[in-house]
Amino acid sequence: MPTFLLFEAASGYGLFEKLASEVIGSSLDEVRKATSELSRLSKFIKLKAFMPFESAENALQNINALTEGEMTELLKNFLEMHMPKAKKVKDGKKKKKSGATLMVVDKKLGNCIKEVLGYNVVSNEKVEELLRGIRMHLHHFIDKLRPEDIHQTQLALSHSYSRCKVKFNVHRVDNMIIQSIALLDQIDKDLNTFAMRVREWYGWHFPELVKISGDNYIFAKLANLIQHKEKLTEDALPAMEEIFMDS
C-alpha cells in the first residue's frame, strides 16, 4: 500500500507521497542527511496535493484544532479527496479497515484520523525528520510559492494564534493597575472584617477594653498582650502605655 505524509503549513495542508523506490536509510542520521539535500529528497518524496486556507480566520481555526489533536472538516475532506479509500478486511470474526499509510507528526491527531478514516497512521522520529526536510524545501515543491511568502504567512498566523491563546489586550498594563487597586481594596475590606471579629469575640472576654480603645490596630495589640484578663497586673502597664504611645 502507498505511503503518504501529511504536512500542515501556515498557508494550508499538503499531502506528499513517499516513493518506495528510494532507500532512505534506517537510522535517524541517514534520514536527516537524505532530507537535507533537495536532490535526494525529490527522488523519494513528491507532492500529491495542496489545499490552501481560504482566509486568515480559516487558517487560525484549523491551527487551533490541530494543536488540540482534532481533525477539522476541511482536513477530513482533503484526505478523503486525495488518499485511497480504506477497505474493510476480515480479521477473524471482526472487520477492520485497511488502507494506505499516513505519516503524521502529532500522535493525537494521528489517532483521530485513524479512528475516523481508518488509515494506517505512523508517528515517530523518522516522520519528524521527513517533514522537517519538506518544510525546508517547501517552496521547491509548490509552484509560485516564494520563501518570503512562506515567512510572511507564518508570521501572520503566529501573531493571530498568540493573540487567541493569551487573549491579547493592548491595555494590559492598565488592567494590571486596575487589578492591583481592586486587590488593595479587597485586602482593606478583609482586614476590617477580621478586626471587627477580634473586637466582637475578645469583647465577650474583656468588654471594658472595647471602651478603652476604639482603634482596631491598638485593640488587636492590646488583646495579644493581655490575653487572659485574670492574669493582668500592674506589671503590664508600661507595655500597654508603649502600645498607646507608638500608635
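Quick look at the values:
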{"read-out": "Residue with peak Gaussian network fluctuation, the chain [Cα springs, cutoff 10 Å], from Asp149, Asp235, Asp29", "value": "Asp235"}
{"read-out": "Most positive-pole-ward Cα, Ser213, His140, Gly110, against dipole of region 110-215 from beta carbon charges", "value": "His140"}
{"read-out": "Residue-averaged [θ]222 nm for the chain, counting only DSSP H segments that reach four residues, each worth -39500 (n - 2.57)", "value": "-18500 deg cm²/dmol"}
{"read-out": "Probe 1.4 Å, accessible area per residue of the chain, Å²", "value": "67 Å²"}
{"read-out": "Highest-MSF residue in the chain out of Val122, Val210, Val105 [GNM, Cα springs under 10 Å]", "value": "Val210"}
{"read-out": "Relative contact order, percent, the chain [alpha-carbon distance under 8 Å, six or more residues apart]", "value": "16 percent"}
{"read-out": "Estimated Rh, the chain: Kirkwood, alpha-carbon pairs, angstrom", "value": "24.3 Å"}
{"read-out": "Principal-axis tilt of helix 147-166 within the chain, Cα atoms, nearest 10 degrees", "value": "30 degrees"}
{"read-out": "Solvent-accessible area, 1.4 Å probe, carbon plus sulfur percent, for the chain", "value": "54 percent"}
{"read-out": "Cβ-derived FRET efficiency at R0 45 Å, Met176 paired with Leu232, nearest 0.05", "value": "0.40"}
{"read-out": "Unit charges on C-beta of K, R, D, E only; dipole of the chain, Debye", "value": "2440 debye"}
{"read-out": "GNM top mover of Leu155, Leu209, Leu28 - the chain, alpha-carbon springs below 10 Å", "value": "Leu209"}
{"read-out": "In degrees, nearest ten, helix 237-246 long axis to first principal axis of the chain (Cα)", "value": "60 degrees"}
{"read-out": "Two-site label geometry, Arg163 and Glu115: point separation in nm, points 7 Å out along Cα→Cβ", "value": "3.3 nm"}
{"read-out": "Angle in degrees between helix 125-136 and the longest Cα principal axis of the chain, rounded to the nearest 10", "value": "80 degrees"}
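The values are calculated or read from the model by the stated rules, or taken from the named source; none is laboratory data. Source: prediction; values computed, not measured. In this analysis, Cβ positions are derived from the backbone assuming ideal geometry, glycine residues included, and neighbour counts consider all displayed protein chains. These accessible areas exclude ligands, DNA and RNA; they are computed on the full protein's heavy atoms, side chains included. Shrake-Rupley method; radii C 1.70, N 1.55, O 1.52, S 1.80 Å.
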